[in-house]
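Worksheet: the structure to be examined is printed underneath.
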Amino acid sequence: MLLSFIVPVYNNAAAFAQCRRSLLPLVESGIAEIVAVDDGSVVPLVPDGHKVRLLRTDHRGAAAARNAGIETAKGEFVWFVDADDEISTDAIDSLLADLQAMDPSVPLFHIGPMVAVSSPGQVPQPVPPDRAATRTAVPLQLLAPRCSIADHTTNILRRSWLLQHPEVRYREDMALLEDTVFSLKVIESAGSCLCNDTYRFYRHHTYNPSSTSGAWSAVRSERFTSDVCRFFVFLQQYAAAHSDCPQVAAYYERMRYVYLRVMAVKGCPRANLVRLIDVVGAPRRTPRFICFLFAFLCRKLRRLK
C-alpha cells in the first residue's frame with residue numbers, strides 16, 4: 001500500500017464524514033488507507049468496515065492521536081490530514097506518480113509554494129510548473145515567513161523514516177502549534193525532499209482555533225498561552241541552531257508578530273500577554289505599552305458586542 005492518511009477525530013464525526021468521502025476513491029482503488037484515530041470522542045466514531053481502520057484512544061489531544069496513527073499505519077508514506085479537511089482529486093494522479101517515482105532514500109514529499117535552489121548563493125527561482133523539484137537537502141533557506149513548508153498538512157513522509165527517527169514526533173504537551181513544531185523538526189532532520197508546488201490538494205472546512213475569529217475563554221487563554229510560550233522557546237532554540245539562515249530569523253519575527261496579535265484579538269488577559277512578551281520580546285518598532293493598549297481595546301470591543 002502506497003499511502004496512509006492519518007486523521008485524528010474528536011467530537012467532529014460530521015466533518016470527518018466529508019473528509020472520508022474525499023479519500024474513498026483512493027481507498028477503493030487499493031492505493032491508500034484511512035487510519036482514523038478517535039481521540040476519546042463523547043460519541044464514539046462508528047466503525048466503517050474495511051474502508052476505514054479505526055483506532056480508539058483516551059482523549060489526549062490531536063498530537064497523541066497522530067503519534068498513535070504512525071505506529072498503526074501500514075502505508076509506505078503517511079499524510080497527516082485533519083478531520084475537517086477535504087482532499088481534492090484534481091491532481092491526485094500527479095501526486096501519486098511523484099510518490100511512486102521517489103528514490104527510496106528521500107524521506108519527504110512537500111506540497112506547496114517553494115522555490116528551487118540548485119547551488120549555494122544562487123538567487124532562488126520558482127519551481128517550473130510542469131515538473132517536480134528534487135532537493136538534496138531540505139531547504140531551510142526557503143523558510144519564508146509565510147511559507148507553507150511549516151504546515152504539517154503539506155508534508156507527506158516516508159513511514160519507515162519516521163519509525164527510524166522517534167525524536168521526530170508531535171509534542172503531546174501542546175494543544176496549539178504542535179504541528180508547526182513537528183514540521184520544523186522534520187525539515188531539520190530530513191536530508192532530502194521532493195517537492196511539487198503546482199497544485200493545492202486540500203481545503204479546510206472549519207476555522208482554526210488559533211485564528212482571529214472568536215474569543216478565547218479564560219481557561220483556553222491560559223492553556224494556549226502556555227503552549228505559545230513553549231513554541232517560542234523551541235523556536236528560539238531552533239533559530240539559534242540555524243543562525244546562519246536569515247529566513248529562520250525572519251520566520252521567528254513573523255510568528256512573534258502573528259501570535260502577539262492573535263492573543264490580543266482573542267481578548268487574552270493582560271497577564272497572559274505579559275507572559276508571552278517576557279518570552280519573545282515586543283515586536284520591532286512596537287513598544288510594549290502599544291501591545292497592551294491594543295489588547296485592552298480588543299477586550300473592550302468584545303464586551304460591547
*Is segment 199-220 home to any residue that is polar (S, T, N, Q), farther than 30 Å from Asp103 by Cα and modelled with pLDDT of 75 or more?*
yes
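Matching residues to (1) in a helix (DSSP H, G or I); (2) modelled with pLDDT under 90; (3) buried (at least 17 other Cβ atoms within 10 Å of the Cβ):
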| site | (1), (2), (3) |
| --- | --- |
| Val228 | yes, no, yes |
| Gln236 | yes, no, no |
| Met263 | yes, yes, yes |
| Asn272 | yes, yes, yes |
| Asp278 | yes, yes, no |
| Arg285 | no, yes, no |
| Leu301 | yes, yes, no |
*Just for strands (runs of 3 or more DSSP E) wholly inside segment 1-110: which have at least 3 residues that are among the β-branched types (Val, Ile, Thr) and either touching a strand residue (DSSP E or B) at 6+ places or on another chain (Cβ under 7 Å) or under 25 Å from Val181 (Cα atoms) (or both)?*
3-9, 32-39
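Residues are listed down the side, and each one gets a yes or a no for (1) surrounded by 19 or more Cβ atoms within 10 Å (Cβ to Cβ); (2) charged (D, E, K, R):
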position	(1), (2)
Glu28	no, yes
Val35	yes, no
Asp39	yes, yes
Leu45	yes, no
Lys51	no, yes
Ala62	yes, no
Ala68	yes, no
Ala73	yes, no
Val81	yes, no
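The values are calculated or read from the model by the stated rules, or taken from the named source; none is laboratory data. Quantities reported herein were computed from a predicted structural model and do not represent experimental measurements. We place every Cβ from the backbone using ideal geometry, glycine too, and count neighbours over all the protein chains shown.
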